[in-house]
Amino acid sequence: MADRERVVSRRTVLSAVGTSGIASLAGCVGGDGGAGGGGGDGGDGGDSESISAAWVYVSPVEDLGWSTAHDQGRQAVDEKLDWLTTDFTASVAPADAGQVFEQYASEGTDIIFGTSFGYQDPMFEVAEEYPEVTFEHATGFRTRENMGRYMGRIYEPRYLAGQAAGMVTETDTIGYVAAYPIAEVVRSINSMALGARSVNPDATFKVRWLNAWFDPQGSREAANSLLDEDCDVMAMEMDSPATVRAANEAGVWASGYNSPMGEFGGDKYLVSPVWNWEEFYEPTVQAVRDGTWESDAYWKGMAEGPPALDEFGPEVPQDVIDTVSSTRQEIVKGNLNVWEGSKFEGESDEFLFQDMSSFVEGVEGTVPS
């Protein structure tokens with residue numbers, strides 16, 4: 001906990017002093033990283049072969065959602081690779097991200113990971129100033145020679161969670177608490193709706209937009225408003241388990257996101273799409289160390305990348321588990337394309353990744369412009 005408090009404190013100071021005060025903060029976070037440096041079985045190491053990596057998170061590392069999932073990936077590689085030193089800064093607003101990226105770059109950090117869509121432009125600008133540093137941005141679409149982008153096809157496990165939701169709903173009305181109306185979130189809503197309607201053609205989705213990634217109180221209020229509208233299954237794309245908690249208190253089914261959330265859902269916990277980010281982080285830091293890293297657009301699915309499905313809740317019916325498990329195998333084998341039969345069938349990866357801006361049939365309303 002001491003490391004986490006220190007990192008968040010550093011971010012608070014950065015925000016307060018502004019760009020002009022950054023230089024005085026060099027080395028303010030411990031040089032051995034937020035997890036104390038590596039120490040696993042990752043090779044014989046040596047100073048000349050060691051590299052440093054830093055992660056920047058938009059929400060508290062204890063959010064039990066998006067940032068927690070990324071930090072679990074960081075910790076996994078930190079523990080495994082004895083030649084890797086890691087660090088992180090949490091609760092960084094997009095407006096402050098450029099300052100934090102520049103601080104890490106100026107300290108000689110070898111690779112910097114920015115884990116929020118709002119970090120895209122600040123990272124793009126700082127990457128130009130530090131061509132010797134490697135940058136990786138999660139969820140965005142801009143790249144440079146020294147800046148890659150990465151994401152996973154989370155829409156695959158979202159489709160599966162949708163099937164589960166479609167099978168357990170009795171009102172045929174599923175609520176969805178959403179962050180921002182960007183392609184990333186619209187993809188998730190659409191794929192979950194397609195999954196639900198593949199097993200229940202009458203299933204519909206109602207969406208509440210919060211225009212925030214981390215807003216536990218807003219998430220709870222949005223969930224309760226959806227519950228008042230006859231939703232008997234809740235889903236979400238937020239960085240906390242608040243929506244799942246609200247559903248549990250109301251005694252209805254819930255599907256979480258990012259990290260396993262069964263402990264917050266009680267007996268009515270369904271299942272959640274989750275991330276195993278070490279599947280991306282380990283080969284990426286290895287490539288930087290080997291000198292083989294190249295800027296690309298990483299976007300892999302369940303068969304080979306970070307997206308996964310959490311364990312089912314304790315009361316999920318066996319027929320739901322069997323249906324979802326069977327569909328999962330078809331997706332992993334490449335026999336099922338989530339978008340097949342929808343209005344997005346045949347669309348390019350570029351469109352799916354950054355241009356999707358409308359709902360499929362079964363989702364009420366329209367995507368805000």
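The values are calculated or read from the model by the stated rules, or taken from the named source; none is laboratory data. Because the structure is a prediction, the values reported are computed rather than measured. All Cβ positions, even for glycine, are placed from backbone atoms using ideal geometry, and neighbour counts span all protein chains on display. Ligands, DNA and RNA are stripped out before the accessible areas are found, and what is left, the full protein with its side chains, is counted by its heavy atoms. Shrake-Rupley method; radii C 1.70, N 1.55, O 1.52, S 1.80 Å.
Looking for something of a type in the set (Ser, Thr, Tyr), farther than 30 Å from ASP267 by Cβ and over 22 Å from the mean Cα position of the chain (by Cα) - is there at least one such residue anywhere in the stretch 324-343?
Of the stretch 324-343, the ones of a type in the set (Ser, Thr, Tyr) are 325-327, 342.
With the extra rule that they be farther than 30 Å from ASP267 by Cβ, the set shrinks to 342.
With over 22 Å from the mean Cα position of the chain (by Cα) added as a condition, the list becomes 342.
The answer is yes; a qualifying residue exists.
Does the stretch 49-64 contain at least one residue that is assigned to a helix (DSSP H, G or I), touching a residue at least 40 places away in the same chain (Cβ under 8 Å) and closer than 29 Å to VAL185 by Cα?
Quick first cut of the stretch 49-64, residues assigned to a helix (DSSP H, G or I) only: 49.
Then keep just the ones that are touching a residue at least 40 places away in the same chain (Cβ under 8 Å); that gives 49.
Those still in the list that are closer than 29 Å to VAL185 by Cα too: none.
The answer is no; no qualifying residue exists.
With respect to the numbered conditions (1) out of contact with any Asp or Glu (no Cβ under 8 Å at 6 or more places or on another chain); (2) surrounded by 18 or more Cβ atoms within 10 Å (Cβ to Cβ), which one is the sole condition not fulfilled by GLY313?
Failing condition for GLY313: (1).
Tell me, please, whether a residue that is of a type in the set (A, V, I, L, M, F, W, C) and more than 30 Å from ILE112 (Cβ to Cβ) can be found in the stretch 278-288. Spell out how you get there, then give the answer.
So the first thing to find is which residues in the stretch 278-288 are of a type in the set (A, V, I, L, M, F, W, C), and the list is 280, 285, 287-288.
Cutting the leftovers down to more than 30 Å from ILE112 (Cβ to Cβ) gives us none.
Within the stretch 278-288 (the criterion being of a type in the set (A, V, I, L, M, F, W, C) and more than 30 Å from ILE112 (Cβ to Cβ)), the answer is no, since none of the residues qualifies.
With the structure loaded, tell me whether VAL320 is in contact with a Phe, Trp or Tyr (Cβ under 6 Å, 6 or more places away or on another chain) and either farther than 25 Å from ASP71 by Cα or in a loop (DSSP other than H, G, I, E, B) (or both) or whether it fails that test.
Judged against the criteria, VAL320 is not a match.
Can you name every residue in the stretch 247-257 that is open to solvent by 10 Å² or more (accessible area, probe 1.4 Å) and among the aromatic types (Phe, Trp, Tyr)? Quick ask: steps written out before the conclusion?
First pass over the stretch 247-257, keeping only residues open to solvent by 10 Å² or more (accessible area, probe 1.4 Å): 248-253.
Answer for the stretch 247-257, where residues must be open to solvent by 10 Å² or more (accessible area, probe 1.4 Å) and among the aromatic types (Phe, Trp, Tyr): just TRP253.
Output the number of residues of the stretch 341-369 satisfying the condition of being open to solvent by less than 50 Å² (accessible area, probe 1.4 Å) and either among the small types (Gly, Ala, Ser) or assigned to a strand (DSSP E or B) (or both).
Adding up the residues that qualify gives 4.
Considering only the stretch 258-271, state which residues are part of a strand (DSSP E or B) and open to solvent by 10 Å² or more (accessible area, probe 1.4 Å). Lay out the reasoning, then the answer.
Step one: filter the stretch 258-271 for residues part of a strand (DSSP E or B), giving 258, 269.
Scanning the stretch 258-271 gives no hits.
Under 7 Å between Cβ atoms, which residue pairs at least 6 apart in sequence (or on different chains) link something in the stretch 167-193 that is more than 10 Å from VAL233 (Cβ to Cβ) and aromatic (Phe, Trp, Tyr) with a partner that is open to solvent by 10 Å² or more (accessible area, probe 1.4 Å) and at pLDDT 95 or above?
Going by the 7 Å Cβ cut-off, the qualifying pairs are TYR180/ASN211.
Among the listed residues VAL244, VAL285, VAL338, VAL274, which satisfies the condition of being in a strand (DSSP E or B) and buried (at least 20 other Cβ atoms within 10 Å of the Cβ)?
Numbers: VAL244 fails: in a strand (DSSP E or B); VAL285 fails: in a strand (DSSP E or B); VAL338 fails: in a strand (DSSP E or B).
The conditions single out VAL274.
Looking at the stretch 62-111 only, could you name the residues that are surrounded by fewer than 24 Cβ atoms within 10 Å (Cβ to Cβ) and at pLDDT below 95?
GLU62, LEU64
Go through the stretch 23-59 and count every residue that is surrounded by fewer than 23 Cβ atoms within 10 Å (Cβ to Cβ) and at pLDDT 95 or above.
Matching residues across the stretch 23-59 total 3.
Are there any pairs, at least 6 apart or on different chains, whose C-beta atoms fall under 7 Å, with the first in the stretch 318-332 and under 12 Å from GLY162 (Cβ atoms) and open to solvent by less than 40 Å² (accessible area, probe 1.4 Å) and the second hydrophobic (A, V, I, L, M, F, W, C) and in a helix (DSSP H, G or I), and if so, which?
The qualifying pairs are VAL320/ALA164; VAL320/MET167; VAL320/VAL168; VAL324/LEU160; VAL324/ALA164; THR327/LEU160.
Does GLU125 fit the bill of being acidic (Asp, Glu), closer than 30 Å to ARG197 by Cβ and either open to solvent by less than 10 Å² (accessible area, probe 1.4 Å) or touching a residue at least 24 places away in the same chain (Cβ under 8 Å) (or both)?
no
Filter the stretch 285-307 for residues that are modelled with pLDDT of 95 or more and among the acidic types (Asp, Glu); which is farthest from GLU350 (Cα to Cα)? Walk me through how you get there before you give the answer.
Kept after step one, since they are modelled with pLDDT of 95 or more, are these residues of the stretch 285-307: 285-303, 306-307.
From the residues that got through so far, the ones that are among the acidic types (Asp, Glu) too are 290, 294, 296.
Values: ASP290: 29, GLU294: 19, ASP296: 13 Å.
Applying the filter and picking the extreme gives ASP290.
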